[in-house]
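The values are calculated or read from the model by the stated rules, or taken from the named source; none is laboratory data. All values derive from a computational prediction rather than experimental measurement. Please note: Cβ atoms are built from the backbone with ideal geometry, for glycine as well, and neighbour counts cover all protein chains shown.
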């Protein structure tokens with residue numbers, strides 16, 4: 001599963017370690033050391049995955065992620081020394097697909113990278129039926145979502161949640177159940193991660209995100225996807 005991975009890390013020693021691990025697994029690795037270079041390189045040669053340090057000179061990783069998420073659905077795995085839940089949720093709210101706190105093991109990072117790449121590519125079979133729930137259409141083969149006939153951009157995590165719920169419309173999913181369908185229960189994830197993904201999805205698919213009619217909260221339990229007002 002060879003991929004092009006862009007590493008944006010201002011610690012040159014750590015960046016070189018990551019390059020060696022990536023190349024040992026057969027990936028092509030490009031390394032930059034500041035946010036502006038990361039943004040320019042990602043635009044010039046879009047990677048399959050961006051490993052993005054939060055604390056970088058020139059332009060920090062959060063702003064790089066915010067900018068790129070408006071332009072593409074590239075996978076983003078953020079690295080940071082900030083370990084609070086608010087920092088985690090901010091990174092996810094900006095569209096990061098995974099989040100690893102420092103210090104970390106390069107082996108753990110490589111495991112995360114493998115999981116992200118496998119999850120995205122496993123959703124792209126040669127063909128498959130569309131899944132329609134009310135105005136929402138999910139196309140698993142092409143990893144696309146239409147809302148009212150208009151395409152919307154989803155991160156891999158958002159797509160995994162929406163696809164799982166669309167396959168069983170009306171079923172109530174707990175946060176823990178949705179978390180296992182997106183990223184697994186790892187030490188950096190919390191069930192509040194799902195709340196962030198749901199909030200972002202509502203902004204994209206609901207006519208009024210403050211009064212959701214499609215992605216509905218079932219208080220004390222979790223969420224369900226419906227075809228419209230119940």
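General observations
- Just one residue in the set 120, 145, 76, 138 is modelled with pLDDT of 80 or more and either assigned to a helix (DSSP H, G or I) or under 24 Å from residue 28 (Cα atoms) (or both); that residue is 76.
- Residue in segment 167-177 that is in contact with a strand residue (DSSP E or B) (Cβ under 7 Å, 6 or more places away or on another chain), at pLDDT 90 or above, assigned to a helix (DSSP H, G or I) and not assigned by TED's automatic domain parsing to the domain that holds residue 78 present: no
- Meets criteria (in a helix (DSSP H, G or I) and either surrounded by 14 or more Cβ atoms within 10 Å (Cβ to Cβ) or modelled with pLDDT of 85 or more (or both)) for residue 107: yes
Per-residue answers, yes or no, for (1) modelled with pLDDT under 90; (2) part of a loop (DSSP other than H, G, I, E, B); (3) touching a strand residue (DSSP E or B) at 6+ places or on another chain (Cβ under 6 Å):
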| position | (1), (2), (3) |
| --- | --- |
| 15 | no, no, yes |
| 21 | no, no, no |
| 31 | no, no, yes |
| 36 | no, no, no |
| 41 | no, no, yes |
| 50 | no, no, yes |
| 57 | yes, yes, no |
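- Any chance residue 53 is surrounded by fewer than 18 Cβ atoms within 10 Å (Cβ to Cβ) and in contact (Cβ under 8 Å) with a residue 40 or more places away in the chain: no
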